[in-house]
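First the structure, in the form of structure tokens, and then the observations on it.
The values are calculated or read from the model by the stated rules, or taken from the named source; none is laboratory data. All figures in this text were calculated on a predicted structure; none of them were measured in a lab. Ideal geometry is used to build each Cβ from the backbone, glycine not excepted, and the neighbour counts take in all protein chains shown. Please note that ligands, DNA and RNA were not included when accessible areas were found on the heavy atoms of the full protein model with its side chains. Shrake-Rupley method; radii C 1.70, N 1.55, O 1.52, S 1.80 Å.
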Amino acid sequence: MNPSKTPPEILTVAGHEVRISSPDKVVFPESGLTKLDLVRYYLSVAEGALRGAGGRPMVLKRFPKGIGAEPFFQKRVPENHPFFIDTVTLHYASGTSAEEAVIRDAAGLAWVMNLGCLDLNPHPVRAEDLEHPDELRVDLDPMPGVDWAQIVDVAYVAREVLDDVGLVGWPKTSGSRGLHILVRLAPQWSFRDVRLAAETLAREVERRAPGLASARWWKEERGESVFVDFNQNAKDRTVASAYSIRPLPDARVSTPLSWDEVRSTRPEQFTVPTVPERFAALGDPHAGIDTAAGSLDSLIALAAELGPAEKPPRGGDGSGRRQSVMPLIEVARAKTTPEALAALDEWKTRHADLVPLLHPADILLDGMRGSSSLWYRVRVNLQHVPEDERPPQEELIADYDPWAGRG
């Protein structure tokens, strides 16, 4: 046995034995949190975490090398999974299928954490009915330059819209910079219906809070607003669920809130060390979510009233591709965030005279889903640079191909 490697620890959880390999491995260097610490965290909030992720197929987002390295996404459940892990076969829009894991109890939480899954990424359906979502997910995603107060203002506008259409919203921190609002539904509508309802909600929030909120799918058109990300409700998309640990240095947690707390708290308050004590003292603010399933009828009626959403213009080259209305240049395609940021720094050095003209939201760093992992695209919106001073599209500073070698 490798002397530098600690022996596994066997935990008895919910009547099952769960093997935790390398329990002393440090996952969060800043706080010294180990793999076993993270397992114990999930066990301490198991009731709430299972309310968000239990009984749902999930994508396994694994960080085998800790938060300092890029994760990979595993749709298919490992062949040697224990008997207490259920599975269901999902059929994806691409035509592929995968047998995915379904956890039912605290032992399942410990098992996925042992695989290196920091956050839990369940689909918005129950394993018993894979075609009818029972959750609409409102993701309030702030553009660069947007402060927390603006996110909160948009959240309350979204709550007002939900109230008006007879739905109940349950807020939680995203675990990063934004907020999520979860809406339980009776499982009666298709994915297409739920996405339409989510887009309609986003459009109505934008209409009521112009300048503060945006329903524009194309990032360069949003300005310094909060994007109401309706596309998180597309088939095959997943979102980090309640009590998920996020891969930030402070071990931040996506934490359910009451509406009274939304204005008075900040995301950085909720971390692996602090949330268990909060959970023990207050319980789960989302404890009633499963009794509040609502109907999409009013949102779908509003969709008909608003009419079709505006579509972006298409290019005139016959490709049918969307043509941006903004003067965009692409800087880099990179395998990792540090490589993307290094490329951006190099571009800024080359064009130092333009940097003071750029607004925070003009720098577009997008995490793009590859075949099994993320890659990163860097673009710059030159809308605030005088037209005669705009540089042309140059050779990419980094040009990573996430599909190279895959045929």
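Just a few scattered comments:
- Selection within segment 143-179 - at pLDDT 95 or above, surrounded by fewer than 19 Cβ atoms within 10 Å (Cβ to Cβ) and in a loop (DSSP other than H, G, I, E, B): Gly166, Val168
- In segment 41-68, residue least open to solvent (accessible area, probe 1.4 Å) [restricted to those that are farther than 19 Å from His180 by Cβ and without any contact (Cβ under 8 Å) to a residue 60 or more places away in the chain]: Gly66
- If you go through segment 216-233 and pick out every residue that is under 13 Å from the mean Cα position of the chain (by Cα) and open to solvent by 20 Å² or more (accessible area, probe 1.4 Å), you end up with 2.
- Taken together, the residues in segment 333-356 that are open to solvent by 60 Å² or more (accessible area, probe 1.4 Å) and part of a helix (DSSP H, G or I) amount to 9.
- All positions within segment 54-100 that are among the acidic types (Asp, Glu) and assigned to a strand (DSSP E or B): Asp86, Glu99, Glu100
- Output for segment 180-212, where each listed residue is in contact with a strand residue (DSSP E or B) (Cβ under 8 Å, 6 or more places away or on another chain), within 11 Å of Phe230 (Cβ to Cβ) and open to solvent by less than 10 Å² (accessible area, probe 1.4 Å): Val194, Ala197, Ala198, Leu201, Ala202, Val205
- Any hit, segment 25-40, residues being open to solvent by less than 20 Å² (accessible area, probe 1.4 Å) and assigned to a loop (DSSP other than H, G, I, E, B): no
- Across segment 7-24, the qualifying residues are those that are farther than 22 Å from Ala69 by Cβ, not in a loop (DSSP other than H, G, I, E, B) and not basic (Lys, Arg), and the one among them that is most open to solvent (accessible area, probe 1.4 Å) is Glu17.
- Filtered residue count, segment 101-123, keeping only those that are assigned to a loop (DSSP other than H, G, I, E, B) and either β-branched (Val, Ile, Thr) or under 21 Å from Gly175 (Cβ atoms) (or both): 7
- Within segment 72-112, the residues that satisfy the criterion of being at pLDDT below 95 and under 19 Å from the mean Cα position of the chain (by Cα) are Phe72, Phe73, Gln74, Lys75, Tyr92.
- Residues of segment 55-70 that are under 27 Å from Arg126 (Cβ atoms) and either at pLDDT below 85 or under 14 Å from the mean Cα position of the chain (by Cα) (or both): Met58, Val59, Leu60, Lys61.
- Among residues of segment 280-306, those that are in a loop (DSSP other than H, G, I, E, B), among the hydrophobic types (A, V, I, L, M, F, W, C) and either closer than 20 Å to Gly52 by Cα or open to solvent by 80 Å² or more (accessible area, probe 1.4 Å) (or both), counted: 3
- Number of the condition not met by Ala242 [criteria: (1) without any contact (Cβ under 8 Å) to a residue 12 or more places away in the chain; (2) within 20 Å of the chain's Cα centre (by Cα)]: (1)
- Test: Glu128 is open to solvent by 40 Å² or more (accessible area, probe 1.4 Å), more than 18 Å from the chain's Cα centre (by Cα) and within 30 Å of Leu11 (Cβ to Cβ): yes
- Only one entry of Ser254, Ser258 meets the criterion of being open to solvent by less than 30 Å² (accessible area, probe 1.4 Å) and touching a strand residue (DSSP E or B) at 6+ places or on another chain (Cβ under 9 Å), and that entry is Ser254.
Listed here are the residues, each with its yes/no results for (1) in contact with a Ser or Thr (Cβ under 8 Å, 6 or more places away or on another chain); (2) surrounded by fewer than 16 Cβ atoms within 10 Å (Cβ to Cβ); (3) closer than 22 Å to Trp189 by Cα; (4) not charged (D, E, K, R).
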| position | (1), (2), (3), (4) |
| --- | --- |
| Lys75 | no, no, no, no |
| Pro82 | no, yes, no, yes |
| Tyr92 | no, yes, yes, yes |
| Gly95 | no, yes, yes, yes |
| Asp105 | no, no, no, no |
| Gly116 | no, no, no, yes |
| His132 | yes, no, yes, yes |
